[in-house]
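The values are calculated or read from the model by the stated rules, or taken from the named source; none is laboratory data. Everything quoted here is computed from the prediction, not taken from an experiment. Cβ atoms come from the backbone with ideal geometry, glycine included; neighbour counts cover every protein chain shown. Note: areas computed on protein heavy atoms with side chains; ligands, DNA, RNA excluded. Shrake-Rupley method; radii C 1.70, N 1.55, O 1.52, S 1.80 Å.
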Amino acid sequence: MLQEAVEFYHQLLEESEVAESSRRMLDDGLERAKLVFGGRRLSPYLRPHFVTEQDFERVTRVCETVWAAIQKVKDAAVGDEALIDELGLTQAERELVRIDPGYRAVSPTARLDSFLTADAFSFVELNGESPAGIAYADAAFEIFSSLPVMRRFGERYRLRTFQGRPLLLKTLLDAYTEYAGARATSMPSIAIVDLKGLPTQKEFELFREYFEAEGHPAIICSPEELEFSGGRLRCGDFVVDIVYKRLLVNEYLPIMREHPALLDACRAGAVCLVNNFRSKMIHKKALFAVLTDARYSGLFTDHEREAIRRHIPWTRKVREGKTEKDGATIDLLDYVSRNSGSLVLKPNDDYGGHGIYIGWNNDQLAWEEALRAALASGDYLVQERVKTARETFPALAEDGSVHFAEQLVDLDPLLYNGRVGGAFTRLSSTELANVSSGGGMVPTYVISEKA
């Protein structure tokens, strides 16, 4: 059914009037909705990503099972220095994760980056610290749903969309209610906190507008604009109840001593921080090494172990020594050296595609150099290659013309307190499906045939 649906959509675009009016509306909508990232349109494609109801039900089931296992890793890591070592937290990060956020969830909002094919569903990373794209996806749904080509498509297929901002707000409020208890106010104020001048600024504006429309005072501010005095966190005259933290720990650490207000308020239990500093534990890519290492299998149920086996790629920290793979004991560095065609090297804690070495795209000499650099860094992972998804999409060129191009398709389910509440999709012509690296995003529609 899925392939037939895609072919039907592309046939609709063969009608010049439908295609041109849809292209103009898409361009206008992207500009009006502030769907830009670093000065370029975020969704330069004339088709969304389609997933069948059956497939999305499977995605949801797997995501929520794996998330339950991830929560157990966090629970075990709190107070377990050996497990913290495995995850690769620095001393400064360890100090942060010791701060009790006042609620149990490690990452109330999270994004699991995955590839969905006809016969496989594999995760490659988890963004558990500050997942972006929720408000962008909401705006993209509104734009795409209004396109003439989508209205025609909807005459034949039933379409299900998602709205992430209401779920995000509910997630913030749930964390705040647990944190504040009897002290909770009915309309807590929200500060969206990140560094200044980032390409995600437009998304922050979309969130602020939504929070305010729902009755919550909201502000966008940076760490240097915060002050902690009289037991309250403030941005100027704005008193903060909830911090929607888009600020990455890696970005805060270098300026934390100079601008300590956020840290001081969290230590004093004077503000509800979402996601909290403990999310750093599961944001580390070494999480997948813990999940796939038999030494930690006792943390999980049989059902969780099976989900991990089927959907999480074998991952290990790059270091000397023996480890287990497929039931056999291997020398890790020797195995990595000899199997570049099926392996990826990636830093434990970075984003935007930085520092990733794709084995099958490198000759042996370059791979050996990458392995030596990874070992010397002391904080790299090796991960087994997974089956990736590719589809043909109508892409918009800079001159406004439309051409069909094969794209890597990275499906990103969004979780709110461990429950899947939607998804969006990142597309790329390279093997790094990453908006920061030049890719784009489209909304993910769940489709089914009309009776």
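For this structure, a couple of remarks:
- One compactness figure for region 207-310 is 1.43, namely its Cα radius of gyration divided by 2.2 N^0.38 Å.
- Among residues other than ASP379 with Cβ under 11 Å from its Cβ, the summed charge is +3 (Lys and Arg +1, Asp and Glu -1).
- Shown is the FRET efficiency for ARG24 and ALA213, computed with R0 = 35 Å from the Cβ-Cβ distance and rounded to the nearest 0.05: 0.80.
- Considering only VAL73, PHE162, HIS49, the residue lying farthest towards the positive end of the dipole of the chain is VAL73, judged by Cα position with unit charges set on Cβ.
- Calculated mean residue ellipticity at 222 nm for the chain: -11000 deg cm²/dmol, from DSSP H runs with n ≥ 4 weighted as -39500 (n - 2.57), summed, divided by the residue count and rounded to 500.
- Each residue of region 321-336 was assigned a 3J(HN,Hα) from its phi angle through the Karplus curve 6.51 cos²θ - 1.76 cosθ + 1.60 (θ = phi - 60°); the sequence is x, 9, 8, 10, 8, 6, x, 10, 8, 10, 7, 4, 5, 5, 5, 4 Hz, with glycine and proline shown as x.
- Shape summary: region 61-161 maps onto an equivalent ellipsoid whose semi-axes, from the alpha-carbon gyration tensor, are 38, 17, 11 Å in decreasing order.
- Once the chain from GLU205 to ASP80 is taken as fully extended at 0.36 nm per residue, the excess over their C-alpha distance is 41.1 nm.
- Listed pairs LYS74/LYS202; LYS325/LYS346; LYS285/LYS322; LYS170/LYS317 exceeding 29 Å between Cα atoms: LYS74/LYS202; LYS170/LYS317
- Prolate/oblate/rounded call for region 334-392, Cα gyration tensor, a/c under 1.5 rounded: oblate
- Radius 14 Å from Cβ of ALA261, net charge of other residues (Lys, Arg +1; Asp, Glu -1): 0
- Gyration tensor verdict on region 249-366 (Cα atoms; rounded if a/c is under 1.5, prolate if a/b is larger than b/c, oblate otherwise): oblate
- Rounded to 5, percent antiparallel among DSSP beta bridges of region 152-280: 40 percent
- Net charge in the neighbourhood of LEU173 (other residues with Cβ under 12 Å of its Cβ; Lys, Arg +1, Asp, Glu -1) is -3.
- Residue (of PHE153, PHE123, ILE134) at the positive-pole extreme of region 117-157, dipole from beta-carbon charges: PHE153
- Inter-label distance, nm, simple model (7 Å from Cα along the C-beta direction), SER145/ARG309: 4.2 nm
- Note on the chain: with charges restricted to the Cβ of Lys and Arg (+1) and Asp and Glu (-1), its dipole about the Cα centre is near 700 debye.
- Placing +1 on each Lys and Arg Cβ and -1 on each Asp and Glu Cβ, with no other charges, gives region 151-233 a dipole about its Cα centre of roughly 680 debye.
- For the chain, averaging the sequence separation of C-alpha pairs within contact (under 8 Å, six or more residues apart) and dividing by the residue count gives a relative contact order of 24 percent.
- Calculated FRET value between ARG295 and ALA92, using beta carbons and R₀ = 25 Å, to 0.05: 0.40
- The magnitude of the dipole of region 313-396, with charges of +1 and -1 set on the Cβ of Lys/Arg and Asp/Glu and taken from the Cα centre, is near 180 debye.
- Low-density loop cleavage sites - trypsin sites (Lys or Arg not before Pro) in region 241-293, where at most 14 other Cβ are within 10 Å (DSSP): ARG257
- Trypsin sites (Lys or Arg not before Pro) within region 299-357, DSSP loop, no more than 16 other Cβ atoms inside 10 Å: ARG319
- Rolling a 1.4 Å probe over the protein heavy atoms of the chain, with every protein chain left in place, gives an accessible area that is 48 percent carbon and sulfur.
- When the chain is described by a simple charge dipole with +1 on each Lys and Arg Cβ and -1 on each Asp and Glu Cβ, the residue from GLY102, THR392, ALA307 located farthest towards its positive end is GLY102.
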